[in-house]
Amino acid sequence: MPAKKRHATLRKDGRWQCKVNGKTFINKDIDEAIRMADEYDARMKLQLFESTKPKTVRTWAAEWLTTYKSGVTDRCYNAYSTHMDRLISVCGDKLVSDVLPGDVVLVWALYQGMSASSVKTAQQLFRGCFDAAIDNDYCSKNPFRAKTVQPPKAPAGSHRALTPEEISLIRTTEHRMRPAAMVMLYAGLRRGEVLALSADDIDLTAGVIHVTRAIRFDSNAAVLADPKTAAGVRDVPILPPLRPILAGLTGLVAPSASGEIMTEQAFSRAWESYLAALSRAANDNTQRRWWGRTRKHKAILAAGGQLPPFREISIRPHDLRHTYCTMLVDAGVPLKQAMEWLGHADQQMILRVYDHNTPARRAAALATLTAHLTPQKKTPGVKPGVKRKYRLAKPAKQAASQ
């Protein structure tokens, strides 16, 4: 009997997806998506793992990572390996079936003080690893799902919205990274998206930026790929502050010194140079090493005056995207529209910004409350709650004929 042909479905982003055994395989080519699914199904039917033999955490973690996470990028895979190394350092020599909630406590102790994203990633990996162990009969319970043991609390999200002064510096300080910074600030593009952006993706007539590609880094090298998520393929409106920046643009928005797509190191160096330019602009166009040593500064000090401390501008690329999201919220843009422009399929990140109070929102709330409590002026001759009825004036009587 011939094998049943596997089917694939067309996604909204134009790619094909094929599901098998709870896993989804996505590719631009329908035949390739089906081939990937068939290959995975064949591996599982050949019983890649020897389920009859006990496994140590060390052995199983290595097998699980290389099989279940083989499709991720090298950068992501290496990050996952670091988490699994922490798990192995605590209970690597134990059998998977012998890991107890007490061992989990020791694992989570290694994550004290780490970011919320690191803790969340580790929790997803460890739970996935032991869930798969249950499926392969290596254990009967998942110790990382025990309700009595929870990962450490960590601050959620260290990104921030820029101050008005910082925004002004970005808008007025000349530098080769200024167009990229403006696009991230007023269109909300991610770093990888802005590095892949060129003049061909900008439609000034329609007033939109077409986001269709992104750069990811693989051992410093730039690799052109699809955006981070399917929702990342989108059109973003060109806001007024951004239009003059994009009007005369040719080639890439953020090219390297040679005009090519930047490597990761090249971007880091360019961004450090940009922050140094912003810092000079914020400190009377003076570099840090000359602060307090210029003729003007020496005259101020000689006259008994004091200089404020040098202000170091420290902005991360994602802070610009965070600021754009905050702008959308402060402007009252609906959540669904904000998700579309930001390229987010998940509303949780945006909801955190929606829940975060800002001076603009406080001022708007105070104005609304003040208006509510301020008595309205009464119109003379009109009772409150009663509408005045207006009638047309009667025509004047015609004068009697003489």
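Only the coordinates and a few stated rules stand behind these numbers; no lab work does. Since this is a predicted model, take the numbers as computed values, not measurements. Virtual Cβ from ideal backbone geometry, glycine too; neighbours counted across all protein chains shown.
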Next on the checklist: For a quick check: sort 147, 94, 153 by the number of other beta carbons within 10 angstrom, fewest at the front.
Outcome noted: 147, 153, 94
Item to check | Which label in (i) 122, 80, 49; (ii) 70, 55, 39; (iii) 59, 47, 43 gives the computed Cα extents along the principal axes in Å | outcome: (i)
Checklist entry - Among 67-80, 185-198, 331-344, how do they line up from the highest to the lowest mean number of other beta-carbon atoms within 10 Å? => result 185-198, 331-344, 67-80
Checklist entry - What is the fewest-to-most order of 178, 293 by other Cβ atoms lying within 10 Å of their Cβ? => result 293, 178
Checklist entry - For 264, 174, 39, what ranking results if the residue with the fewest other Cβ atoms within 10 Å of its Cβ goes first? => result 174, 39, 264
Checklist entry - What is the packing order of peptides 13-20, 200-207, taking the mean over residues of other C-beta atoms within 10 Å and listing the highest first? => result 13-20, 200-207
